[in-house]
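A.B. asks: Starting off with a structure, shown below.
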Amino acid sequence: RDLMRSSRTTACIALLCLCACSIVAADRPALPTLSPRKRLDSPNVLPPTRVDLLAANAKSSTGSSITMTVVQIVNNVAGAGVLTLGAGMAAGVGWVPAVLICLLVGALSGFTFYLIGAACDLTGETSFKGLWSRTLGQESTWLVDGSITLVCLSAAIIYSGILGDVTTSLLSLAGVATSASTRKIAICALTLAVLMPLSLLKDLSALAFTSAIGCGAILYTLLFVAFRALDGSYRGGSASTFVQSLPVHLRPTFAQAWSSPAGLLRVDAKALVLISNLGLAFIAHYNAPAFYSGLANATPQRFGVAVGVAFGILTVLYTLMMGLAYATFGANTASNLLHNYAEADVLAVLGRVATGASILFGFPLAMLGLRSSLADMCGGLSAKISSRDSLTRRSLASIASPGARVPLVLSLLSLITFVACTLTDIGVIVGVSGALLGSAVVYIFPALIYADVASASLVYAIVPLGAFFGILGTYMTLAGN
């Protein structure tokens with residue numbers, strides 16, 4: 001009883017903290033206004049426009065050192081994707097193949113990230129869209145805007161879903177009676193009370209401070225996951241108080257001992273689910289030009305060092321999170337790892353609060369990227385239609401107009417809220433977006449750009465590999481759900 005009273009008190013304080021966060025965001029003094037046309041994107045908890053702040057600051061300084069660039073890349077890439085990696089391993093991958101997949105995907109993702117910086121050095125371009133236009137043609141730049149739109153849309157849906165999960169768990173711990181519809185009500189209430197006002201703000205530069213919140217949330221989550229994996233709180237079956245409080249489908253289950261041949265070496269087509277989840281976790285390649293242009297005395301060699309160290313750190317972080325999650329919960333590791341921890345687990349409560357606060361502020365930044373990229377795409381497509389009287393051209397032009405900002409944001413919020421309420425498992429969105437967008441943005445696009453500008457035909461070999469990951473990864477994700 002004392003434990004439950006303490007847990008309920010913690011949950012109440014946590015809910016008050018989340019509410020206070022929204023007030024702080026509204027009252028925080030604004031920094032210099034960001035250009036709404038800058039849309040450097042990442043679907044993680046650390047959203048795209050933070051790199052705009054980096055690029056803006058770089059213009060008035062000598063640039064970032066290699067060490068600072070490493071910190072900025074890690075800060076931008078690492079995010080909510082880490083919560084899904086244990087489930088990717090639980091889909092059907094043994095320890096040895098899982099670690100090798102993390103290492104290979106991390107190395108390949110870092111290599112293609114470097115290729116974009118090298119292409120910037122060869123062309124002098126400072127944006128992903130500029131690189132595409134210079135190498136592959138202006139006519140197809142809508143693909144870049146379309147990809148950014150989908151990246152930000154999937155990120156916003158994932159954010160909304162996690163916020164609903166976190167709020168529902170905290171409400172239950174606080175003693176509020178919950179039901180199957182509580183999550184939907186929580187998502188709708190948060191959208192109307194917090195997400196909509198934040199998304200309608202014209203100047204989001206006041207949210208730049210949330211970069212530290214996101215980084216802190218990831219670091220805390222890693223530490224508490226490691227602590228719980230090592231302290232044995234979720235071992236012992238029914239003898240564990242935490243395990244007793246979990247539904248059966250979230251309790252630790254191990255079909256094979258980790259040291260058995262199956263536990264060590266098992267691998268099949270389901271490994272593509274893990275590859276898809278990693279594709280989303282590593283995606284930040286739109287931002288590579290900003291990091292390259294912000295690096296002091298930028299050269300491909302210096303950029304390569306920064307990228308190598310940053311993606312090495314990310315690979316170690318992701319491998320640890322994946323392994324620790326699977327070691328704790330085995331085959332029942334959830335697509336949102338926080339689901340697996342008991343509501344009365346105070347460390348997990350703090351983890352939910354940290355993640356919720358980070359996502360709360362990350363959502364409007366993702367919405368900015370979504371709205372501006374969609375407006376850019378519609379504006380570009382409308383210009384390609386020759387007939388000025390065309391209904392399609394007028395419709396596209398109206399979406400791209402500045403006056404459509406508010407109705408466009410409200411329409412997108414309605415779509416995001418509907419999908420987040422409908423899909424209770426974020427693993428579907430993570431897997432599909434990671435497979436399709438990850439394969440395109442992480443593998444295919446960088447290879448096409450660099451191979452064209454540097455006449456490096458061998459780089460084209462990455463293109464079919466990316467297509468293979470994208471098509472089969474999507475199939476395996478949908479088949480598994």
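The values are calculated or read from the model by the stated rules, or taken from the named source; none is laboratory data. Quick caveat, the model's predicted, so the values are computed rather than measured. All Cβ positions, even for glycine, are placed from backbone atoms using ideal geometry, and neighbour counts span all protein chains on display. These accessible areas exclude ligands, DNA and RNA; they are computed on the full protein's heavy atoms, side chains included. Shrake-Rupley method; radii C 1.70, N 1.55, O 1.52, S 1.80 Å.
A.B. asks: Of the conditions (1) touching a residue at least 60 places away in the same chain (Cβ under 8 Å); (2) in a helix (DSSP H, G or I); (3) surrounded by fewer than 24 Cβ atoms within 10 Å (Cβ to Cβ); (4) touching a helix residue (DSSP H, G or I) at 6+ places or on another chain (Cβ under 7 Å), Ala107 clears all except one; give me its number.
C.D. replies: Single failed check for Ala107: (4).
A.B. asks: So, one more: Among (1) surrounded by fewer than 24 Cβ atoms within 10 Å (Cβ to Cβ); (2) over 25 Å from Ser154 (Cα atoms); (3) touching a residue at least 12 places away in the same chain (Cβ under 8 Å), which single condition is Asn75 missing?
C.D. replies: All conditions pass for Asn75, except number (2).
A.B. asks: Anything in region 145-178 that is open to solvent by less than 30 Å² (accessible area, probe 1.4 Å), over 18 Å from the mean Cα position of the chain (by Cα) and of a type in the set (A, V, I, L, M)? List them, or say none.
C.D. replies: Within region 145-178, Leu170, Leu173, Ala174 qualify.
A.B. asks: Can you tell me which condition Cys215 does not meet? The list is (1) modelled with pLDDT under 85; (2) open to solvent by 40 Å² or more (accessible area, probe 1.4 Å); (3) more than 28 Å from Thr149 (Cβ to Cβ), and all the others hold.
C.D. replies: Checking Cys215 against (1) modelled with pLDDT under 85; (2) open to solvent by 40 Å² or more (accessible area, probe 1.4 Å); (3) more than 28 Å from Thr149 (Cβ to Cβ), the one that fails is (3).
A.B. asks: In region 369-390, what residues are of a type in the set (Ser, Thr, Tyr) and part of a helix (DSSP H, G or I)? So that I can check it myself, show each step before the final result.
C.D. replies: The initial filter retains those residues of region 369-390 that are of a type in the set (Ser, Thr, Tyr), namely 372-373, 382, 386-387, 390.
Selection gives Ser372, Ser373, Ser382.
A.B. asks: Follow-up. Within region 369-390, take every residue that is over 27 Å from Thr191 (Cα atoms) and within 28 Å of the chain's Cα centre (by Cα) and give me the one that is most open to solvent (accessible area, probe 1.4 Å).
C.D. replies: The qualifying residue most open to solvent (accessible area, probe 1.4 Å) is Leu381.
Each row is one residue, and each column tells you yes or no for (1) in a helix (DSSP H, G or I); (2) open to solvent by 10 Å² or more (accessible area, probe 1.4 Å); (3) closer than 19 Å to Ser160 by Cα.
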{"site": "His339", "(1), (2), (3)": "yes, yes, yes"}
{"site": "Glu343", "(1), (2), (3)": "no, yes, no"}
{"site": "Ile359", "(1), (2), (3)": "yes, no, yes"}
{"site": "Met367", "(1), (2), (3)": "yes, no, yes"}
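A.B. asks: Which ones in region 84-101 are open to solvent by 10 Å² or more (accessible area, probe 1.4 Å) and in a helix (DSSP H, G or I)?
C.D. replies: Within region 84-101, Ala87, Ala90, Trp95, Val96, Pro97, Val99, Leu100, Ile101 meet the criteria.
A.B. asks: Can you tell me which residue is least open to solvent (accessible area, probe 1.4 Å) among those in region 250-277 that are modelled with pLDDT of 90 or more and assigned to a helix (DSSP H, G or I)?
C.D. replies: Once the filter is applied, the top-ranked residue is Leu274.
A.B. asks: Taking the condition open to solvent by 50 Å² or more (accessible area, probe 1.4 Å) and not in a helix (DSSP H, G or I), does Arg393 pass?
C.D. replies: Spelling it out, it is not the case that Arg393 is open to solvent by 50 Å² or more (accessible area, probe 1.4 Å) and not in a helix (DSSP H, G or I).
A.B. asks: Residues being more than 16 Å from Tyr234 (Cβ to Cβ) and charged (D, E, K, R): count how many of those fall in region 336-364. Let's see the steps before the verdict.
C.D. replies: So the first thing to find is which residues in region 336-364 are more than 16 Å from Tyr234 (Cβ to Cβ), and the list is 336, 350, 352-364.
Restricting the remaining residues to those that are charged (D, E, K, R) gives 352.
The qualifying residues number 1.
A.B. asks: Here is a follow-up. Could you please give the count of residues in region 126-138 that are without any contact (Cβ under 8 Å) to a residue 60 or more places away in the chain, in a helix (DSSP H, G or I) and more than 24 Å from the chain's Cα centre (by Cα)?
C.D. replies: Of the residues in that region, 2 qualify.
A.B. asks: Quick one: would you say Ala298 is closer than 28 Å to Val428 by Cβ and not in a helix (DSSP H, G or I)? It would help to see each step written out before you state the result.
C.D. replies: On the way: closer than 28 Å to Val428 by Cβ: no; not in a helix (DSSP H, G or I): yes.
When the stated conditions are applied, Ala298 does not pass them.
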